[in-house]
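> One structure is given below, represented as structure tokens, and several questions about it will come after.
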Amino acid sequence: MKRFITIILIFLLLFCGLKDGDINGDYRINEHDLELCREHILRISHLHGAEFWRADINKDGKVDSTDLTYILILNKEGKQ
Ligand SMILES: [Ca+2]
Ligand SMILES: [Ca+2]
């Protein structure tokens with residue numbers, strides 16, 4: 001039972017309350033998220049798990065320039 005509760009809590013922390021585009025999970029979509037996405041696309045670093053899921057805005061199973069564009073738009077909308 002304790003293990004089940006732990007799994008549920010981890011799931012909630014990873015997948016709930018965080019917006020798509022908030023790759024680093026700091027509850028903001030900003031330049032840091034853009035940088036993480038850009039580095040993944042350029043293969044400087046790789047996104048995994050929940051980070052990959054939040055970066056894949058259009059949910060096509062890839063993180064590419066389309067997702068980067070969406071994150072850029074979300075970042076600009078957040079500043080207005
Ligand atoms: Ca963020
Ligand atoms: Ca995508």
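The values are calculated or read from the model by the stated rules, or taken from the named source; none is laboratory data. Small disclaimer: the values here were computed from a predicted structure and weren't measured. We place every Cβ from the backbone using ideal geometry, glycine too, and count neighbours over all the protein chains shown.
> Mind telling me which of the residues 42, 47, 34 ends up being in contact with a Leu (Cβ under 7 Å, 6 or more places away or on another chain), modelled with pLDDT of 95 or more and away from ligand 2 (no atom under 14 Å from the Cβ)?
34
> Moving on. Residue by residue through the stretch 16-30, note down the ones that are surrounded by 12 or more Cβ atoms within 10 Å (Cβ to Cβ) and either of a type outside the set (A, V, I, L, M) or closer than 15 Å to residue 69 by Cβ (or both).
Those that are surrounded by 12 or more Cβ atoms within 10 Å (Cβ to Cβ) and either of a type outside the set (A, V, I, L, M) or closer than 15 Å to residue 69 by Cβ (or both): 19, 20, 21, 22, 23, 24, 25, 28, 29, 30.
> Follow-up question, since we're still on this one. Restricting to the stretch 40-52, name every residue that is within 12 Å of the chain's Cα centre (by Cα) and either surrounded by 17 or more Cβ atoms within 10 Å (Cβ to Cβ) or of a type in the set (Lys, Arg) (or both).
40, 47, 51
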